[in-house]
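Each reported figure results from applying straightforward, stated rules to the coordinates on display, with no laboratory input. What you see is a predicted model; the values in this text were computed from it and never measured. Cβ: placed from backbone, ideal geometry, glycine included. Neighbour counts: every protein chain shown.
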Amino acid sequence: MFSRHRWLDTGLGTGLIILLAAASANAGSKGGMYDMSSMINEAHPFAVPSYNRAPGTMAPAPAMRPIAPPSPTLRYTPPPPPVAQASASGSAPYRPFGDIVAGDWFSRFYIAAGGGLHLQSDLDGSTAGASYSIEFDPGFTMHGALGTYLGRDFRIEGELAYRMAEYDQGTAGGATSMPTGDLKMATGMANVYYDVHLGSSFVPYVGGGLGIAQIESTAATIGGVTAAAKDATEFAYQAIIGVTYEYDRSWSLGLDARYIGTADEDVSATAITLNVRYSL
């Protein structure tokens with residue numbers, strides 16, 4: 001039994017020696033199973049190929065693309081605080097009577113001028129028991145004013161106006177004649193207006209005024225009846241209704257109708273005027 005084990009050990013040792021010898025011989029031959037030169041010279045799988053590269057030299061590194069700078073950081077800028085906007089007509093924010101505490105009852109002043117058609121009413125009277133009546137041709141009127149706004153809806157002004165109409169024809173005792181002469185009236189009024197804002201550039205208004213009138217008329221003879229001349233200062237008043245077109249915050253154009261009366265019941269008139277107003 002001992003000899004059998006010895007034979008087995010001898011056989012295994014001899015076989016191992018033969019196998020190592022064969023491997024050594026195979027490693028020495030080029031292209032063999034254990035040829036290390038092919039492994040050393042083999043290109044790395046992740047290497048950049050170079051077709052015109054000299055042996056033993058390294059391929060140039062690939063060009064680096066420039067890195068774009070980071071985009072600027074966007075910062076939130078809060079919007080400015082809201083500002084009170086004017087209406088379509090350019091008017092100030094609504095405050096019926098202004099702000100008494102702030103003292104802006106007289107916040108804005110304006111100047112105005114206008115003129116138009118003057119329709120003098122018939123001048124009726126009597127002399128020595130004989131009555132007469134004088135009709136007038138259409139005349140003219142012109143006026144100027146300085147005023148201020150009371151808040152948004154109200155305004156007050158001082159107005160000076162001049163009106164004149166010439167005689168057309170007169171009637172007395174059944175006779176008709178064409179007298180020569182005219183009637184002139186100069187007035188000074190303190191007016192108050194109320195503007196009705198409707199959210200557009202067209203603003204209707206109503207107004208009224210009180211003041212005095214200086215009245216002058218020419219004496220006229222009609223069918224043997226003489227109408228005495230007038231030269232008097234009388235209490236006067238007027239009523240106004242019209243509409244304004246507000247072009248912008250400063251300029252406006254108005255058209256109105258006016259009735260003018262005096263303490264002399266024989267002297268009254270109506271007028272249609274075109275007005276321009278400039279707000280300071």
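Extension gain for the segment Ser131 to Ala175, taken as residue separation times 0.36 nm less the Cα-Cα distance, is 14.7 nm to one decimal. What whole-number volume per residue, in cubic angstrom, does the convex hull of the C-alpha atoms of segment 109-279 give? Measuring per residue, one finds 94 Å³ for the Cα hull of segment 109-279. Applying both filters, DSSP loop and at most 16 other Cβ atoms within 10 Å, to the chymotrypsin sites (Phe, Trp or Tyr not before Pro) of segment 167-261 gives Tyr247. Of interest is the spacing of the C-alpha centroids, which for segment 147-175 and segment 202-228 amounts to 8 Å. Neighbours of Gly125 by Cβ distance under 12 Å: Lys/Arg scored +1, Asp/Glu scored -1, total -4.
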